[in-house]
1. To the nearest 0.05, what FRET efficiency results for Asn34 and Thr14 with a Förster distance of 22 Å applied to their C-beta separation?
2. Relative to the Cα centre, what is the charge dipole magnitude of the chain, using +1 at the beta carbon of each Lys and Arg, -1 at the beta carbon of each Asp and Glu, and rounding to the nearest 20 debye?
3. Lysine pairs in the chain 8 or more apart or on different chains: how many have alpha carbons under 24 angstrom apart?
4. Taking +1 at the Cβ of each Lys and Arg and -1 at the Cβ of each Asp and Glu, which of Thr31, Leu21, Asn56 sits farthest along the dipole of the chain towards its positive end, judged by Cα position relative to the Cα centre?
5. Rounding to the nearest 10 and keeping the result within 0 to 90°, find how far the Cα-based axis of helix 12-24 lies from the longest principal axis of the chain.
6. Any chance you could run the full-extension gain for Ala57 through Glu43? It's 0.36 nm times the residue separation minus the Cα-Cα distance, nm to one decimal.
7. Please identify which residues in the stretch 42-59 have an amide N closer than 16 Å to a label point set 7 Å out from the Cα of Asp24, following the Cα→Cβ vector.
8. With runs of 4+ DSSP H residues as the only contributors, calculate the mean residue ellipticity of the chain at 222 nm using -39,500 (n - 2.57) per run, divided by the residue total and rounded to the nearest 500.
Amino acid sequence: MPKVSTNITIDADTKKKAQELLSDFGMDLSTAVNIFLKQMVYEGAFPFTITREVPNAVTLAAMKETEEMRHHPEKYKSYRDVDQMMEDILGEV
């Protein structure tokens, strides 16, 4: 099958890091892009899951609790050091 040249725009730092990694695998950027595109065509989709970095419910609750603690520290227990905290958690050590 004949090959065609394609121009793509890539962040310079990303390209450099990718080329360094690919070099460790013994391949160049063109080979990696070809592998990616062939796999995409074979699967009829991206060959990996694309997701947004959205915190899950547990993380959101922890973030909310942290904000509450920052704004109202008087409502929460504090410790002078880790040993005091561990003693409180585990009892006398």
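Computed from the coordinates by the stated procedures, all read-outs in this text should not be read as laboratory data. Keep in mind that what you see is a predicted model, and the values were worked out from it rather than measured. No Cβ is skipped: glycine too gets one built from the backbone with ideal geometry, and neighbour counts run over all protein chains shown.
1. 0.75
2. Here the size comes out at about 720 debye.
3. 7
4. Projecting each Cα onto the dipole axis, the largest value belongs to Thr31.
5. With rounding to tens, the tilt is 80 degrees.
6. Additional length available on full extension: 1.9 nm.
7. In the stretch 42-59, the label zone of Asp24 (backbone N under 16 Å from the point 7 Å along Cα→Cβ) covers no residue.
8. Value at 222 nm, helices only, nearest 500: -17500 deg cm²/dmol.
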